[in-house]
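Written below as structure tokens is the structure these notes are about.
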Amino acid sequence: MPSKRCYYEVLSISKSADDGAIKASYRKLALEYHPDRNPGDEEVAVRFREVQEAFEVLRDP
């Protein structure tokens, strides 16, 4: 099992990012990696789940 990446790295933001930057990055990446936009691509589905998890953790630290 691969080790977890830093949530800030997953969202491509700095550790000093504010709530607005976190949300903006999440929205951009969620649209890019959403399973509906990439049907049948398991790698993209995994990336989407990583983005979701990172957002859930960082929006409510």
Long-range neighbours under 6 Å by Cβ, at least six apart or interchain, first residue farther than 9 Å from PHE55 by Cβ within the range 17-32, second at pLDDT 95 or above
ALA21/ILE13
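One line per residue, one yes/no per condition, for (1) under 10 Å from the mean Cα position of the chain (by Cα); (2) at pLDDT below 95; (3) exposed (fewer than 13 other Cβ atoms within 10 Å of the Cβ):
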| residue | (1), (2), (3) |
| --- | --- |
| SER14 | no, no, yes |
| LYS28 | yes, no, no |
| GLU50 | yes, no, no |
| PHE55 | yes, no, no |
| PRO61 | no, yes, yes |
Taking the range 30-45 as the region of interest, how many residues are exposed (fewer than 12 other Cβ atoms within 10 Å of the Cβ) and under 17 Å from GLU9 (Cβ atoms)?
0
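The values are calculated or read from the model by the stated rules, or taken from the named source; none is laboratory data. Computed from a prediction, not measured in an experiment: that's the story for all the values here. Here Cβ is always computed from backbone atoms with ideal geometry, including for glycine, and neighbour counts include all displayed protein chains.
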